[in-house]
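Each remark here refers to the structure printed beneath this line.
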Amino acid sequence: MEVGSVRYRSAVSAVLVVVGTTVTVVGEAYAHGPEPVVAAPNQTVAKDGSWAEVTAIDGRQVTVLIHSAAMGREVSVKVQRPADTSVPRPSLYLVNGAGGGEDTATWEQHTDVVDFLASKDVNVVMPIGGAWSYYTDWREPDPMLGVNKWRTFFLDELPALVDAMFDTTGKNAIAANSMTATSVLQLAIARPGLFRSVAAYSGCAQISDPVGRQFVNVVVGTGGGDTSNMYGPPGDPAWVANDPLVNAEGLRGTKLYVSNGNGLPGEFDTLGDPHLVTWGPVGLANQVVVGGVIEAATRWCTMNLERRLDDLDIPATFDLSTQGTHSWGYWQKAFKNSWPLLAEGMEIPA
């Protein structure tokens, strides 16, 4: 059934309240995740207790509120629908970096990637939340960051509800930058085949060695979190169990694109560049100095991942630039370079 430019599907029956209009949707048997059950008047509900409801429609962009049963919280998710919804379409999960989309450092704010994808036959799924959490399942609630079961959210809750609400093919890809570039590799290893293609820009795959663990400590600590609540103290087996570098064999069969700059200023490190998070000389200096140091560090990690995948004879595309800081202009460029691989995994034209 169509509502404006939005097409919905539910496995059993669901009732969505869309800008004041009640719409009943009935669809075929559901095969892509936990089967949704009969919904409350304004919700699509899954058997695990998670639920979703549409809260706003702005053209082709739909805002969905997801209740995560695992975390006991609501997560806002933006979904950009394809121009043509006459047939089922795949889904690209476009994930923001360390701020989780809760700040202004997002793909929508600082790149043209969402506009670029508007001409593609794909649902673009953009979760908002999980800042500083590495999108993993934490073993304990954190005093600052709360209950974090983001791996469960990304593997079991969100895709099932997206597939239930929208007319999808069940063929998914995922792309992420910075902190979450580590996370998408973890997700691909934890659930092979859920994301057929993965793009990771400027991340650090290794987390269990002293250097990699310190990267995680710095990121989580920036948000006031304590990594001992995530994977335990140094030496706890959970660090190794969640390390994408150590467990890289689990990436076999996934189409992979990994990119990194080298930390040196380049084409997007100029005054007036539209991708700057903070305008002016101070913003540029921060991007060049701090962004340069971070990008040089993640490049070391990325080269280690390249060697590891070579040793395992696992195919992957690595884009290691001779310039570039840890910033949005380079991630926009890397995304577009990775799009053919992402599209191939979703089985759509690039």
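Against the conditions (1) touching a residue at least 40 places away in the same chain (Cβ under 8 Å); (2) of a type in the set (Val, Ile, Thr); (3) open to solvent by 40 Å² or more (accessible area, probe 1.4 Å); (4) within 25 Å of Tyr135 (Cα to Cα), where does Val220 fall short? Just the number, please.
The single condition Val220 does not satisfy is (3).
Collect the residues in region 166-180 that are open to solvent by less than 20 Å² (accessible area, probe 1.4 Å) and touching a Lys or Arg at 6+ places or on another chain (Cβ under 7 Å), keeping them in residue-number order.
Across region 166-180, the qualifying residues are Phe166, Asp167, Thr168, Asn172, Ala173.
If only one of Thr270, Thr278 is more than 19 Å from the chain's Cα centre (by Cα), touching a residue at least 12 places away in the same chain (Cβ under 8 Å) and assigned to a loop (DSSP other than H, G, I, E, B), which one is it?
Thr270
Could you give me the residue pairs with C-beta distances under 6 Å whose first residue belongs to region 61-82 and is under 20 Å from Thr136 (Cβ atoms), whose second residue is open to solvent by less than 20 Å² (accessible area, probe 1.4 Å) and among the aromatic types (Phe, Trp, Tyr) wherever it lies, and which are 6+ apart or on separate chains?
Ser68/Phe153
A quick yes/no check of all residues on (1) out of contact with any Lys or Arg (no Cβ under 7 Å at 6 or more places or on another chain); (2) of a type in the set (Gly, Ala, Ser):
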residue	(1), (2)
Ala70	no, yes
Pro90	no, no
Thr104	yes, no
Trp107	yes, no
Gly130	yes, yes
Tyr134	yes, no
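If you go through region 112-145 one residue at a time, how many are more than 25 Å from Val87 (Cβ to Cβ) and either of a type in the set (S, T, N, Q) or assigned to a helix (DSSP H, G or I) (or both)?
Result for region 112-145: 2.
Inside region 191-217, can you point out the residues that are outside any strand (DSSP E or B), open to solvent by 10 Å² or more (accessible area, probe 1.4 Å) and out of contact with any Cys (no Cβ under 9 Å at 6 or more places or on another chain)?
Scanning region 191-217 gives Arg191, Pro192, Gly193, Leu194, Ser208, Asp209, Pro210, Arg213, Gln214, Asn217.
Across region 295-319, which residue is surrounded by the fewest Cβ atoms within 10 Å (Cβ to Cβ) among those that are among the charged types (D, E, K, R) and in a helix (DSSP H, G or I)?
So the residue we want is Asp311.
Applying the selection to region 241-254, what residues are out of contact with any Phe, Trp or Tyr (no Cβ under 9 Å at 6 or more places or on another chain) and open to solvent by less than 20 Å² (accessible area, probe 1.4 Å)?
Asp243, Pro244, Ala248, Leu251, listed by residue number.
Regarding Tyr257, is this residue in a strand (DSSP E or B), surrounded by 15 or more Cβ atoms within 10 Å (Cβ to Cβ) and not small (Gly, Ala, Ser)?
yes
Among residues belonging to region 281-294 that are more than 24 Å from the chain's Cα centre (by Cα) and either among the polar types (S, T, N, Q) or open to solvent by 60 Å² or more (accessible area, probe 1.4 Å) (or both), point out the one that is farthest from Val218 (Cα to Cα).
By that ranking, first place goes to Pro281.
Has region 183-195 got at least one residue that is touching a residue at least 60 places away in the same chain (Cβ under 8 Å) and farther than 13 Å from Leu251 by Cβ?
Yes.
Report yes if Ser183 is hydroxyl-bearing (Ser, Thr, Tyr) and open to solvent by less than 10 Å² (accessible area, probe 1.4 Å), otherwise no.
yes
The values are calculated or read from the model by the stated rules, or taken from the named source; none is laboratory data. None of the values given here were measured: they were computed from a predicted structure. We place every Cβ from the backbone using ideal geometry, glycine too, and count neighbours over all the protein chains shown. The accessibility values were calculated without ligands, DNA or RNA, using every heavy atom of the protein model including side chains. Shrake-Rupley method; radii C 1.70, N 1.55, O 1.52, S 1.80 Å.
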